[in-house]
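Trainee: Structure below; questions to follow.
Any read-out appearing in this document is the output of simple, stated calculations on the displayed coordinates, not a laboratory observation. These numbers were taken from a predicted model, which means no experiment stands behind them. So basically every Cβ, Gly included, is an ideal-geometry build from the backbone, and we count neighbours across all protein chains shown.
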Amino acid sequence: MTDEPSVTIIGLGSMGQALANACLAAGHRTTVWNRTPAKADALVARGATRAATVSDALWASDLVILCVLDYDAVDELLAPNADMLKGRVLVNLTNGRPEQARRTGAWVTAQGAEYLDGGIMAIPSMIGKPEGFILYSGSSAAFDRCRAALEVLAVPTFVGEDAGLAALNDLALLSGMYGIFAGARHATALIGPERAAEFTTSLLIPWLQAMANVLAPSSAEREAGDIPSEESPLDMQATALANIVQGSRSEGVGIDLLTHLLTPMRDIIAAGEGDALSDLVGLIEKEIRS
Ligand code: NDP
């Protein structure tokens, strides 16, 4: 036995393998289990211990990290092994919804274990490096105790005692990311395949990075609980969006994404400005319908 922290990783898909590799690189005594045992081979060659069963894997360490495809798999793995959970800290890094995290957290806690739910804001190649972070929610006492061990995976960020909060923040951040991806895809389609790579590197990425800063509210707005003020008025933005729709149409680029953006803008203008901007609402209606 050594004084090194001991950790179990259950689930060795591409993310679980990255997590286990980070634990090994940090010198942690690392036990691994995967439904398809061969996925543990390379880790065992690097020093991990292969558990023969889920029960053995839970027994091996006080800190157990679960990272499988979905909550059906989580339930399948944990339910028959409830009696092995007592005294453990179970960290569930499986992607899911807030209510699934809360349900699993309540069940795990009822077995005498402490529960942390996690949202991994990284891809496997970012694990063990400073650029990724992992959101945690649930037992703050367990988080504080395990913090050093969790730091080897990615920067740990605790978001609250409600076990569902990591999943909620994870889904919110992912929806922001997919919005950016969809917008970037439309932008490169408009530019065309020949210039897309150069355009992305030299213009699109710097532009998106600069505009991301606009999201940050000023300190006065933060105090008032307001969303950032409109430096760029809504009518100006709606007119520009209508131009982008027309421009895309003439370049033969599909406009589905843009009309989805125009619809809420039309509704906000119609609700907030009344007759003053009715011409603009009409313009947007025309773009959505044509
Ligand atoms: P993979 O598809 O690579 O691996 C899925 C893992 O789940 C495998 O270990 C698989 O076992 C296991 N599994 C699936 N069903 C069952 C089951 N019924 N019983 C036991 N084990 C099961 O996925 P990832 O490793 O990439 O993702 C794992 C989690 O991490 C997901 O929730 C994902 O959303 C999250 N995540 C992944 C990221 C990524 O970029 N990859 C980024 C952020 C989060 P087997 O090998 O036997 O099939």
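Trainee: Comparing Gly252, Gly138, Gly13, which has the greatest mean-square fluctuation in the GNM of the chain with Cα pairs linked when under 10 Å apart?
Mentor: Comparing Gly252, Gly138, Gly13 in the GNM, the peak value goes to Gly252.
Trainee: Something else now. At 7 Å along Cα-to-Cβ for each site, give me the label-to-label distance between Ile180 and Glu76 in nm.
Mentor: Roughly 3.4 nm, to one decimal.
Trainee: Short version: ³J(HN,Hα) in whole Hz for each residue of region 113-130, in order, from phi by Karplus 6.51 cos²θ - 1.76 cosθ + 1.60 (θ = phi - 60°), x for Gly and Pro, what are they?
Mentor: Going residue by residue, I get 10, 9, 10, 10, 9, x, x, 7, 9, 6, 9, x, 5, 8, 5, x, 10, x Hz, with x marking Gly and Pro.
Trainee: Hydropathy at least 0.5 by Kyte-Doolittle, axial extent at least 30 angstrom from the Cα trace: which helices of the chain, defined as entire DSSP H runs, fit? List each step's numbers first, then the result.
Mentor: On the way: long enough: 165-191 (39 Å, 1.13).
Helix filter hits for the chain: 165-191.
Trainee: Considering every pair of different Cα atoms, what Kirkwood radius, in Å, is found for the chain?
Mentor: On the way: mean 1/r = 0.0453 Å⁻¹.
It is 22.1 Å.
Trainee: Pairs of Cα atoms under 8 Å, at least six residues apart: use those to get the relative contact order of the chain, whole percent. Let's see the in-between values first.
Mentor: On the way: 427 pairs, mean separation 32.3, N = 290.
Once normalised by length, the contact order is 11 percent.
Trainee: Right, something else. Counting other Cβ atoms within 10 Å of each Cβ, which trypsin sites (Lys or Arg not before Pro) in region 6-107 have at most 13 and sit in a DSSP loop?
Mentor: Numbers: sites: Arg29, Arg35, Lys39, Arg46, Arg50, Lys86, Arg88, Arg102, Arg103; in loops: Arg35, Arg46, Lys86, Arg88.
Counting only loop positions with at most 13 other Cβ atoms within 10 Å, the trypsin sites (Lys or Arg not before Pro) in region 6-107 are Arg46, Lys86.
Trainee: Taking a ≥ b ≥ c as the square roots of the eigenvalues of the Cα gyration tensor of region 98-196, is the shape rounded (a/c under 1.5), prolate (a/b larger than b/c) or oblate?
Mentor: On the way: a/c = 3.97, a/b = 2.07, b/c = 1.92.
Here region 98-196 falls in the prolate category.
Trainee: Sorted from fewest to most neighbouring beta carbons within 10 Å, what does the list Leu93, Leu203 look like?
Mentor: Working: Leu93 23, Leu203 13.
Ranked by crowding around the Cβ, least crowded first: Leu203, Leu93.
Trainee: So what are the ³J(HN,Hα) numbers for region 84-96, from phi and the Karplus equation (6.51, -1.76, 1.60; θ = phi - 60°), rounded to whole Hz, Gly and Pro as x?
Mentor: 8, 7, 3, x, 8, 9, 9, 10, 9, 9, 6, 5, x
Trainee: Counting other beta carbons within 10 Å of each residue's own, what order do Asp41, Asp117 fall into, fewest first? Don't skip to the answer; put the middle values down first.
Mentor: On the way: Asp41 13, Asp117 30.
By the 10 Å Cβ count, ascending, the order reads Asp41, Asp117.
Trainee: Still on this structure: Please work out the Cα center distance from region 160-191 to region 12-56, rounded to the nearest Å.
Mentor: 30
Trainee: Also, quick follow-up: What's the extension gain from Thr53 to Gln246 if we count 0.36 nm per residue and subtract their Cα-Cα distance? List each step's numbers first, then the result.
Mentor: Details: separation 193, 0.36 × 193 = 69.48 nm, distance 6.00 nm.
Extending this stretch completely gives an extra 63.5 nm.
Trainee: A further question on this structure: Which far-off residues, 5 or more places away or on another chain, put their amide H under 5 Å from the one on Arg88, with H placed in the peptide plane?
Mentor: Under 5 Å from the amide H of Arg88 lie the amide H atoms of Glu114, each far enough along the sequence or on another chain.
Trainee: Here's a follow-up. Just the ratio, please: alpha-carbon radius of gyration of region 1-126 over 2.2 N^0.38 Å, N its number of residues. Could the numbers behind the result be given before it?
Mentor: Values: Rg = 13.5 Å, N = 126, 2.2 N^0.38 = 13.8 Å.
So the Cα radius of gyration is 0.98 times the expected 2.2 N^0.38 Å.
Trainee: Could you size up the charge dipole of the chain around its Cα centre, putting +1 on the beta carbon of Lys and Arg and -1 on that of Asp and Glu, and report it in debye to the nearest 20?
Mentor: Values: 20 positive and 35 negative charges, 230 e Å.
That gives a dipole near 1100 debye.
Trainee: Now for a separate question. Mind listing the long-range amide H neighbours of Gly160? Cut-off is under 5 Å, sequence gap 5 or more, other chains count too, H placed in the peptide plane at 1.01 Å from N.
Mentor: Gly138
Trainee: Which value in nm describes the separation of the simple spin-label points at Arg103 and Thr239, placed 7 Å from the Cα toward the beta carbon?
Mentor: Output for this residue pair reads 5.1 nm.
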